[in-house]
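Student: This is the structure I have questions about; it appears just below.
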Amino acid sequence: MTEPHHRYLDQISAAAAQRRYGHLDLLLDPAADGDNWLRRIAMIQPRLECLRLFDDTPFSDLRQDSPLLVRVMLSQPSHCDWLDGSLSLLWSQPQWIVLLSSSSQPALAAHLRRFLTVKLDDGGLTLLRYYDPRLLRIVINALTPTQGAALGQRIDLWLWRNRDGALERWTAPSDHPAPLPSSHQPLPLDSTQRVQLESYVEAHASLIQLLSLEPVRATQSQEQLLDELARLNRQADVESRWNSVERMEWIAQQLADQASLPQEQ
């Protein structure tokens, strides 16, 4: 039987070949393996070009935690072997995003850096973790079509493995005007978008806690469970359930009550 990561590599390579690209770009989240990635990348010949996204940004002090943009030349067997090994190593967790783009790597990195920070409705600045495949679907759904089209400029296809092990794809909408934000003026998010994103950040923490308390839930769709946890976290905010322990107990009870309800035919 073909290993799942080999199947994904075949799909990714086929998508690149369909667009007649001789390369693809791998966006690695820093949580994947830290500085070990830089050492592994440095060992490959011909050299794998690697850029840090946090360079030249307001978050330069977080440079060691920066996501890495790695260009893999599909004509180089050593590059393809490295890609295959990377997908195998990261198989247990969704920690990579493949980008198919005809842009040069520096131009692509400069484009992605525009979206690293967003301005919240209260005037504060925060990271937009679109480079984390666990949150990419959430970010895409929270953005307006125009904002999504702006983020997706220069990138023909995004590919990533979700929590359930499925290969997800996204192409930015092409029927909306997509002005790019200034590098000095972060993308603005309204209050609804902020609440939606914050509820998923809380849901991610709730999911980890829930799985430690109820391991059987690992057999459920993790993406669907995350959506439900985000909804319950928003409802808990409305009901002013701020105590973290009581909040988690209430969420667990809500999920148990839902499971006990008769299913519609």
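The values are calculated or read from the model by the stated rules, or taken from the named source; none is laboratory data. Keep in mind it's a predicted model, so treat the numbers as computed, not measured. Positions of Cβ are generated from backbone atoms using ideal geometry, with glycine treated the same way; all protein chains shown enter the neighbour counts.
Student: Within the range 10-20, identify whether any single residue is modelled with pLDDT under 90, surrounded by 17 or more Cβ atoms within 10 Å (Cβ to Cβ) and touching a Pro at 6+ places or on another chain (Cβ under 7 Å), and answer yes or no.
Tutor: no
Student: Residue check, residue 173 against (1) of a type outside the set (D, E, K, R); (2) within 17 Å of the chain's Cα centre (by Cα); (3) within 26 Å of residue 21 (Cα to Cα), all met but one. Which one?
Tutor: That leaves (2) as the condition not met.
Student: To continue, here is another question. Write out, first by first residue and then by second, each pair whose Cβ atoms fall under 8 Å of each other, whose residues are 6+ apart or on separate chains, and whose first residue, in the range 226-250, is closer than 21 Å to residue 135 by Cα while the second is in a loop (DSSP other than H, G, I, E, B).
Tutor: Cβ pairs passing all conditions: 226/163.
Student: Look through the range 83-95, keep the residues that are crowded, with 19+ Cβ neighbours inside 10 Å and not in a loop (DSSP other than H, G, I, E, B), and return whichever of them is modelled with the highest pLDDT.
Tutor: 83
Student: Against the condition under 15 Å from the mean Cα position of the chain (by Cα), crowded, with 19+ Cβ neighbours inside 10 Å and within 30 Å of residue 7 (Cα to Cα), how does residue 108 come out, does it pass?
Tutor: No.
Student: Can you say whether residue 125 is surrounded by fewer than 16 Cβ atoms within 10 Å (Cβ to Cβ), among the hydrophobic types (A, V, I, L, M, F, W, C) and in contact with a strand residue (DSSP E or B) (Cβ under 7 Å, 6 or more places away or on another chain), as far as the supplied structure shows?
Tutor: Numbers: surrounded by fewer than 16 Cβ atoms within 10 Å (Cβ to Cβ): yes; among the hydrophobic types (A, V, I, L, M, F, W, C): yes; in contact with a strand residue (DSSP E or B) (Cβ under 7 Å, 6 or more places away or on another chain): yes.
Taking the combined requirement at face value, the residue satisfies it.
Student: Looking at (1) buried (at least 19 other Cβ atoms within 10 Å of the Cβ); (2) over 19 Å from the mean Cα position of the chain (by Cα), which is the one condition that is false for residue 136?
Tutor: Status for residue 136: all satisfied but (2).
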